[in-house]
């Protein structure tokens, strides 16, 4: 069965984005950029991939399907990109967006039903790209966390999980550190 993996970057105080959905305050050093391009190339937006030396037809390594909330999707729309991850099946969860004018991106309203359906299909794992409201809504379905922990305190922004109090145990399974102090930690549901 496919797994739902919340692969996300966050500040030391648990924010996945700053005010206005900014992420430019998260320091990505050259070693981390090279690692992302090698190990998780599909997590880089299609229009950014060439800047990391990734060919348009490069195979995905971990994920073939992406689920994101509207807040994570909106920055792409703001710059005129309707399918920011054209190299994967792409779902946007929103009850307020209305419609998406791109046949490569499917709009859904029920994230739990979507994730349960996707888990039953053949394929690679499913990337939960954010945001915090969506992550909280599907917490019961998250099988793994891959947390990129940046050595910065944001102070405010979008929390990694924005929902009800719901203690859920995960066990760390691996950790990688980069030159600038950023760490990636892998967790599986306990």
A student applying the Cα gyration tensor rule (rounded when a/c is under 1.5; otherwise prolate if a/b is larger than b/c, oblate if not) would label the chain rounded
Taking the Kirkwood radius as the inverse of the mean 1/r across Cα pairs, report the Rg/Rh of the stretch 133-190. 1.00
Where Rh is the Kirkwood radius over the Cα pairs of the stretch 80-190, the temperature 25 °C and the viscosity 0.890 mPa s, what D in µm²/s does Stokes-Einstein return? 152
Just the number, please: percent antiparallel of the DSSP beta bridges in the chain, rounded to the nearest 5. 40
Please work out the FRET efficiency for the pair residue 61 and residue 13, using the Cβ-Cβ distance as r and a Förster radius of 25 Å; give the result to the nearest 0.05. 0.25
Rounded, prolate or oblate for the stretch 86-140? Axes are the square roots of the Cα gyration tensor eigenvalues, ordered a ≥ b ≥ c, and the cut-off for rounded is a/c under 1.5. oblate
Ordering of 162-168, 129-135 by burial proxy (mean other Cβ atoms within 10 Å per residue, highest first): 129-135, 162-168
Model label zone, residue 117; criterion: amide N under 14 Å from point 7 Å along Cα-to-beta-carbon; scope the stretch 74-96: 90-94
At 37 °C and a viscosity of 0.692 mPa s, what translational diffusion coefficient does Stokes-Einstein give for the stretch 24-135, taking Rh as the Kirkwood radius over Cα pairs? Give it in µm²/s as a whole number. 222
The simple spin-label model distance between residue 39 and residue 78, using points 7 Å out along Cα→Cβ, in nm, is 2.9
In nm, what is the difference between 0.36 nm times the number of residues separating residue 99 and residue 86 and their Cα-Cα distance? 2.9 nm
To the nearest Å, what is the center-to-center distance of the stretch 24-84 and the stretch 98-176, using C-alpha atoms only? 16
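Where a number appears in this text, it was derived from the coordinates with a stated rule and is not lab data. It should be emphasised that the depicted structure is a prediction, and the values quoted were computed from it without experimental measurement. So basically every Cβ, Gly included, is an ideal-geometry build from the backbone, and we count neighbours across all protein chains shown.
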